[in-house]
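Visitor: Have a look at the structure that comes next, please.
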Amino acid sequence: MNLRLLLARTPCPGCYYSRFAIRVGSAAAAVLCLLFIVSSVYYNRPAAYSSGGANSILRSALQPAQLADKLQNAQFDTGSRVGGDRLPAVGGGADELHRLAQHLRLVYAVTANTDSGGGSHSVVIRLGNPFKTRLGAGIRWRMYFSLMHPVVQHQTGGGCGRKLQFLFKHVNGYLHYLEPTGEAAADGLPPGDDCLIEYTGNGHIIGRYDAFPNWYLVPLMPPSYEAESPQAVVVECTAGLANQFVAPLLTPAQFKRGQADAHSPWTPEERERRRLAYLGGREAPAPSKSAPPPRLVPAPIHVQPLPPGQLGLPLAGLLLAARIRSEVGCDSAELTLAYLEERRKALSPASSAAAEPIDISLCARPEEASLTAALASTKQPALLQFQRRWAYLLRFHPTRRRLELRAFAPEGLFAAAQTLLALLHDPGPPLSVRSVLDYPRFEYRGLMLDVARNMQPLAVLLKILDVMAMYKLNKLHLHLSDDEGLRLPITDAFKLASRRCHDPSGKLCLPPQLGSHPTDGRPPGVGYYSSTEYAQLLKYAADRFIEVIPEVDMPAHAHSLIAAHRHRAQLTDPGDPSRPVSVQNYFNNSLNPCMPDTQQLVRRVVSDLVRLHSLAGVPLSTFNFGGDEPPGDAWQASPACQRLGLGSRDSINRLFLRTVAEQAGRHGLSLMGWEDGYVVKDSDKRPYNLTEVLATADRRPNGSLVLSWLNQMAWGSGDLAYKFANQGYKVVLAHATHLYLDHQQEPDPEERGLYWATRFIDLRKAFSYDAADIYANMREDIMGQPVDVKATCSQRGGCASLHQPGNIIGLSGALWGETLQAEQLALPMLLPRLLAVAERAWHRASWEAAKDPPALRDALLAADWAAFVDAVSRRELSRLSRLRIPFSLPPPAALRSPASGRVRLSHQMPHNVRLLYAFAGSGRGEHWEEAARHGDEVAVPDGAVRMLLKAGFGDPGNRHESYIESRTVQLPLTASSASGQLLREPGRPPSANGVEGAAKSTALRWLLLLLLAAAAVGLACLACCWASLPPKGS
């Protein structure tokens, strides 16, 4: 008896369907089964990372108050794991480690910051497994990563089946690690679950880039494992520069440092309010077409226009058509002639088609009569020696088609060439200038560039030198060593000190701090400048009249030197029981001045630098020993110091200062350092009396230069620059609140950069630095609260006045390298803010002298700012773009009219910047359009809920110029779109990668299981019905 006849004897009640209906039902059941199979595969795959999932952790139950309660009541394991509890990787361990690194879903989410107890932050780290099977099973692993501030306490929160615990440890400096512990340590991450690790740390974390990229996994090996460098694999979702694994900081609890913090991320409306306030409350007037070109950057002393009615020189193709020559009987002009020829070759030949020939004559001689007469006719004061070297006169003779560059020295001739090139780039009407007379304000006009923490390629340094030359800066201070690396072939251990990788033995490299890749062996974490490359840099700088000043930072910030020399020299005292911690949280990062090997290292460093400069044919004239931020409790308990009769920190500092000064003097050098290195370590923070300190020195340096950077009144050192100048030191102003260009450009979590000295430094803040009155720069504290400088000085018994103004010799910007993880980041951090630094270093503005009434100073500053941004946007950004030098642009400003509903778009740069916008809303795609002009009003279409804004400069299709875009910001157009979404960047849709996402995906799996069960029942019923039907044709 066949199956059909058996089923026919037990018919299903009510099953009287047609064969067509049965076929349709069977097909539907089959589709349901297929859907289940496909969806099962889909949910068992590793989900692509989306930062929208990071947001979900912020919407979970882990609110700041509850997190604080959990942390307070938890027991923390802060010990280390050594010895027998390290298990070997078992079968297929390497493959499983790579699988874990590839598919681990990691989110780093800041939950709160507070200003209590010196500042702290709370964070949740989520480790998610997207598979239905365990991830990382069968292996023991440890995950290393760098954070801006160290962990203090931690606990394992929810998820992980409540069985898997984690050890969280600060290793050294920025480096930390996480390690699964306990009985389930080798079981792997549970399927479809999330492990939540909650921690608190010192300091504040209010930016996306405070968590560094390239978190990496290493297998834990047994003690007998002999390999020097076990396998290290970067966690895929943390690779790259975007830090997409960091959850956006959306709430005040996240992006403010506490209740006193007055700063919030700028909205487009706030950006517009500030733009107008910087301009004095109204738009800058449009320049007249008949007026001289917009003023130069930096501004010259005197510009004489052509007489009325006299036609100027057409600018198109003028340089290409020019006959450039040096006058007979003048000093050598070879460098300036070569530079002008280099710039001429960079121009397009097509631009010379309509140009008529013109003569450009160059002459520099000590008693240049025309320049002397121009100085007298404009009633300039007697020039100092350095001002005579850089003074110049540019004269234009349109009717004779002749330009004259006149100077007292080759430096002035080169400065004149820079002014000429700037004028010839002006896209405006014919050149209506008769003459330009100019000389600098300061002798030292510099930039400090940190290449130790993250090395910048030689090509980037050469571009920076080009920019410095364009804007008449003349000192490049290279910070060549720090805790994280040494970048020159000096001392015998430089190769180890110049490399970062994962190497527990410490024989091959330094640890991969600051997000360095653990294995790739490339910059920025790895590398040094060879003697040939350094010689090329020195010659390139010298050809542009720029002095390179090398800094090897000692005695603190020396972890790289200590680690690299540990098998070669004893630079610390093994008998010293103290374990001082540096500001950057390094242990053992200070050379002990009492050790003979330390004194030998100083001699070797200075002699090697002298040798490298001599090989390049560019003699070294200044050695910078650093000297900043020595730990407060270092060396006092050192037996080596006690044997020398040195028991106080001050006496040991004097010993080190005398050591470096003697070595500088031995080679005929000037000595330079940060002000910390010259300060008596007492409550008054007084400069050392160098005559007294060096009384027993064999040799003395040619001079002593101090870089003054500590200028927050709250630090108690705001007047140190004046104290040093009054005591005879030569002082260079490098104040952190206005001149540290590594700081964020807006108070926004999405901005790259630091914020420890001040919340932000935008172009306007750098431009407004008052070098004539350092107290004028201290009217706001770190939190953005106003500071009464006079009252604060009165409370402290007075602040120093400047009695020796001639000892303030210069001004310097600074770019520290902690967040510069790639070569393409350095120039956009510098530019265009470096132009403001150059402006203040070369030119003294009228508003600096106008103190009373304050309204007059503010009006003069607003007018000067308007002229400056006009010149930068009309000319300078285009010059940089044509040289393919990248720079940054702030996002646009916008203001919506309550009456018309239209949105007015504007920008800090009033010319040549493209204002791009798109609307997002119900069913609308992101179609980008461009506003016709600055100040244009745009209609808002129906249904739009938010407006996306970004600024651009240049043409994306022009391969001869750089195209620059700002980051994208949003303008909410409805009340609902304004809540909680303002800081999320467009193009980041919510995803199921967070805690809620895991729950949703689990619910979907149960729903599909129910569908499968329904399909199975349906198939059984259909089979029964099919069997009960009479045979076909009966």
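Visitor: Restricting attention to region 459-478, does a residue exist that is under 20 Å from N585 (Cα atoms) and touching a residue at least 40 places away in the same chain (Cβ under 8 Å)?
Guide: no
Visitor: Would you mind telling me which numbered condition in (1) surrounded by fewer than 20 Cβ atoms within 10 Å (Cβ to Cβ); (2) touching a strand residue (DSSP E or B) at 6+ places or on another chain (Cβ under 9 Å) K681 fails?
Guide: Looking at each condition in turn, K681 falls short on (2).
Visitor: A follow-up question, please. Looking only at region 666-716, which residues are among the hydroxyl-bearing types (S, T, Y) and closer than 26 Å to L476 by Cβ?
Guide: Taking region 666-716 first, the residues among the hydroxyl-bearing types (S, T, Y) are 670, 678, 683, 688, 691, 696, 704, 708.
Of everything in region 666-716, those that are among the hydroxyl-bearing types (S, T, Y) and closer than 26 Å to L476 by Cβ turn out to be S670, Y678, S704, S708.
Visitor: Here is a further query. Picking from L830, L811, which residue would you name as being of a type in the set (A, V, I, L, M) and within 12 Å of the chain's Cα centre (by Cα)?
Guide: L830
Visitor: Let me ask another. Could you identify the single residue in I205, I139 that is among the hydrophobic types (A, V, I, L, M, F, W, C), outside any strand (DSSP E or B) and closer than 30 Å to Q821 by Cα?
Guide: Matching residue, one of I205, I139: I205.
Visitor: Among the residues of region 613-629, are any out of contact with any strand residue (DSSP E or B) (no Cβ under 9 Å at 6 or more places or on another chain), in contact (Cβ under 8 Å) with a residue 60 or more places away in the chain and under 18 Å from V693 (Cβ atoms)? Steps first, please.
Guide: Quick first cut of region 613-629, residues out of contact with any strand residue (DSSP E or B) (no Cβ under 9 Å at 6 or more places or on another chain) only: 614-617, 619.
Going one step further and asking which of them are in contact (Cβ under 8 Å) with a residue 60 or more places away in the chain, we end up with 615-617.
Filter again for under 18 Å from V693 (Cβ atoms), leaving none.
Checked against the condition, which is being out of contact with any strand residue (DSSP E or B) (no Cβ under 9 Å at 6 or more places or on another chain), in contact (Cβ under 8 Å) with a residue 60 or more places away in the chain and under 18 Å from V693 (Cβ atoms), region 613-629 yields no hits at all.
Visitor: Here is a list: R406, R445, R453, R500. Which entry is within 19 Å of the chain's Cα centre (by Cα) and among the basic types (K, R)?
Guide: One residue alone meets the criteria, R453.
Visitor: Looking only at region 539-558, which residues are of a type outside the set (F, W, Y) and over 19 Å from L671 (Cα atoms)? Walk me through it before giving the result.
Guide: The first filter runs over region 539-558 and keeps only residues of a type outside the set (F, W, Y), leaving 539, 541-544, 546-558.
The answer is K539, A541, A542, D543, R544.
Visitor: Would you check if S116 is under 21 Å from P252 (Cα atoms), modelled with pLDDT under 95 and of a type in the set (S, T, N, Q)?
Guide: On the way: under 21 Å from P252 (Cα atoms): yes; modelled with pLDDT under 95: yes; of a type in the set (S, T, N, Q): yes.
Against the criterion (under 21 Å from P252 (Cα atoms), modelled with pLDDT under 95 and of a type in the set (S, T, N, Q)), S116 qualifies.
Visitor: In the set R759, R700, which member is surrounded by fewer than 20 Cβ atoms within 10 Å (Cβ to Cβ), out of contact with any strand residue (DSSP E or B) (no Cβ under 7 Å at 6 or more places or on another chain) and basic (K, R)?
Guide: R700
Visitor: Same structure again: What are the residues in region 115-128 that are polar (S, T, N, Q) and either buried (at least 19 other Cβ atoms within 10 Å of the Cβ) or not assigned by TED's automatic domain parsing to the domain that holds D210 (or both), if any?
Guide: S120, S122
Visitor: Okay, moving on. Only one of (1) at pLDDT below 95; (2) assigned to a loop (DSSP other than H, G, I, E, B); (3) surrounded by 17 or more Cβ atoms within 10 Å (Cβ to Cβ) fails for P898. Which number is that?
Guide: All conditions pass for P898, except number (3).
Visitor: Take the residues in region 608-646 that are of a type in the set (S, T, Y) and not in a loop (DSSP other than H, G, I, E, B); name whichever of them is nearest to G677 (Cα to Cα).
Guide: Among those that are of a type in the set (S, T, Y) and not in a loop (DSSP other than H, G, I, E, B), it is T622.
Visitor: List the number of the failed condition for D864; all other conditions in (1) crowded, with 21+ Cβ neighbours inside 10 Å; (2) at pLDDT 95 or above; (3) in contact with a helix residue (DSSP H, G or I) (Cβ under 8 Å, 6 or more places away or on another chain) hold.
Guide: Unmet for D864, out of (1) crowded, with 21+ Cβ neighbours inside 10 Å; (2) at pLDDT 95 or above; (3) in contact with a helix residue (DSSP H, G or I) (Cβ under 8 Å, 6 or more places away or on another chain): (1).
Visitor: Right, something else. Do you know which residues across region 647-687 are of a type outside the set (V, I, T), part of a loop (DSSP other than H, G, I, E, B) and modelled with pLDDT under 95?
Guide: If the condition is that a residue be of a type outside the set (V, I, T), part of a loop (DSSP other than H, G, I, E, B) and modelled with pLDDT under 95, then G647, S648, K681, D682, S683, D684, K685, R686 are the ones that fit.
Visitor: Moving on. With F145, F131 as the choices, which residue is modelled with pLDDT of 95 or more, in the same structural domain as Q231 (by TED's automatic domain parsing) and aromatic (F, W, Y)?
Guide: Working: F131 fails: modelled with pLDDT of 95 or more.
Every option except F145 fails the conditions.
Visitor: Residue under question is V837, and the condition is that it be in contact with a Gly (Cβ under 8 Å, 6 or more places away or on another chain), surrounded by 18 or more Cβ atoms within 10 Å (Cβ to Cβ) and assigned by TED's automatic domain parsing to the domain that holds A776; does it hold? Lay out the reasoning, then the answer.
Guide: Working: in contact with a Gly (Cβ under 8 Å, 6 or more places away or on another chain): yes; surrounded by 18 or more Cβ atoms within 10 Å (Cβ to Cβ): yes; assigned by TED's automatic domain parsing to the domain that holds A776: yes.
Spelling it out, V837 is indeed in contact with a Gly (Cβ under 8 Å, 6 or more places away or on another chain), surrounded by 18 or more Cβ atoms within 10 Å (Cβ to Cβ) and assigned by TED's automatic domain parsing to the domain that holds A776.
Visitor: Then there's this: Let me spell it out: the conditions are (1) more than 30 Å from L420 (Cβ to Cβ); (2) in a loop (DSSP other than H, G, I, E, B); (3) in contact (Cβ under 8 Å) with a residue 60 or more places away in the chain, and D520 meets all of them except one. Which number is the exception?
Guide: Checking D520 against (1) more than 30 Å from L420 (Cβ to Cβ); (2) in a loop (DSSP other than H, G, I, E, B); (3) in contact (Cβ under 8 Å) with a residue 60 or more places away in the chain, the one that fails is (3).
Visitor: Kindly provide the set of residues from region 253-272 that are under 27 Å from S897 (Cα atoms), in contact with an Asp or Glu (Cβ under 9 Å, 6 or more places away or on another chain) and part of a helix (DSSP H, G or I), ordered by number.
Guide: Listed by number, the list holds a single entry, R271.
Visitor: Out of region 106-129, which residues are part of a loop (DSSP other than H, G, I, E, B) and touching a Lys or Arg at 6+ places or on another chain (Cβ under 6 Å)?
Guide: D115
Visitor: Hey, another quick one. When you scan region 329-350, how many residues do you find that are at pLDDT below 90 and aliphatic (A, V, I, L, M)?
Guide: So the answer is 3.
Visitor: Considering only residues that are buried (at least 22 other Cβ atoms within 10 Å of the Cβ) and over 30 Å from L561 (Cβ atoms), which ones fall in region 438-453?
Guide: D438, Y439, P440, F442, R445
The values are calculated or read from the model by the stated rules, or taken from the named source; none is laboratory data. Predicted model only: the values in this text are computed from it and were never measured. Glycine also receives a Cβ, built like all others from the backbone with ideal geometry; neighbour counts cover every protein chain displayed.
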